[in-house]
1. Confirm whether LYS15 is within 11 Å of the ligand (Cβ to nearest atom) and either over 26 Å from LYS65 (Cβ atoms) or modelled with pLDDT under 90 (or both).
2. Which ones in the range 23-63 are within 10 Å of the ligand (Cβ to nearest atom) and among the polar types (S, T, N, Q)?
3. Residue check: is LYS5 at pLDDT below 90 and within 24 Å of LYS65 (Cα to Cα)?
4. Could you grab me the full set of residues in the range 35-53 that are in a loop (DSSP other than H, G, I, E, B) and exposed (fewer than 13 other Cβ atoms within 10 Å of the Cβ)?
5. Out of the residues in the range 11-34 meeting the condition of being aromatic (Phe, Trp, Tyr) and assigned to a loop (DSSP other than H, G, I, E, B), tell me which one is farthest from the chain's Cα centre (by Cα).
6. List the pairs whose first member sits in the range 49-66 and is touching a residue at least 40 places away in the same chain (Cβ under 8 Å), whose second member is away from the ligand (no atom under 11 Å from the Cβ), and whose Cβ atoms are under 7 Å apart, counting only residues at least 6 apart or on separate chains?
Amino acid sequence: MKILKWKYKDDERPKGKCYDCKLDYHKWGDIIISNNMWELINPTYHKGAGLLCPNCVQNRLTILKRKKIIKCGKGIKAMLWGI
Ligand SMILES: [Zn+2]
């Protein structure tokens with residue numbers, strides 16, 4: 001999936017949805033990534049802010065050529081630490 005925009009301004013940030021694919025927050029499992037990694041893919045101009053679904057987290061990490069793969073299925077919570 002192609003990312004149309006890397007950073008979203010405050011008035012462009014969808015509420016309760018993945019910023020990239022607009023999937024509703026309640027339709028995916030939470031994943032935990034390190035703060036450092038989040039800042040690499042942060043879709044906002046604010047530290048620690050933003051909302052991305054696991055697929056879009058993976059897309060952004062792939063674009064950055066980070067090799068860690070998030071596997072996330074129904075009810076599976078993926079943990080991803082460090083880079
Ligand atoms: Zn998404």
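The values are calculated or read from the model by the stated rules, or taken from the named source; none is laboratory data. Please read these numbers as outputs of a predicted model, since none were measured by experiment. Cβ atoms come from the backbone with ideal geometry, glycine included; neighbour counts cover every protein chain shown.
1. On the way: within 11 Å of the ligand (Cβ to nearest atom): no; either over 26 Å from LYS65 (Cβ atoms) or modelled with pLDDT under 90 (or both): yes.
So LYS15 does not fit the description; no.
2. Answer for the range 23-63, where residues must be within 10 Å of the ligand (Cβ to nearest atom) and among the polar types (S, T, N, Q): ASN55, GLN58, ASN59.
3. yes
4. At the first step, the residues of the range 35-53 found to be in a loop (DSSP other than H, G, I, E, B) are 42-53.
Correct list: TYR45, HIS46, LYS47, GLY48.
5. Going through the range 11-34, the residues aromatic (Phe, Trp, Tyr) turn out to be 19, 25, 28.
The next check asks that each one be assigned to a loop (DSSP other than H, G, I, E, B); those that pass are 19, 28.
Working: TYR19: 8, TRP28: 11 Å.
Here the answer is TRP28.
6. GLY50/ASN42; GLY50/THR44; ARG60/ILE41
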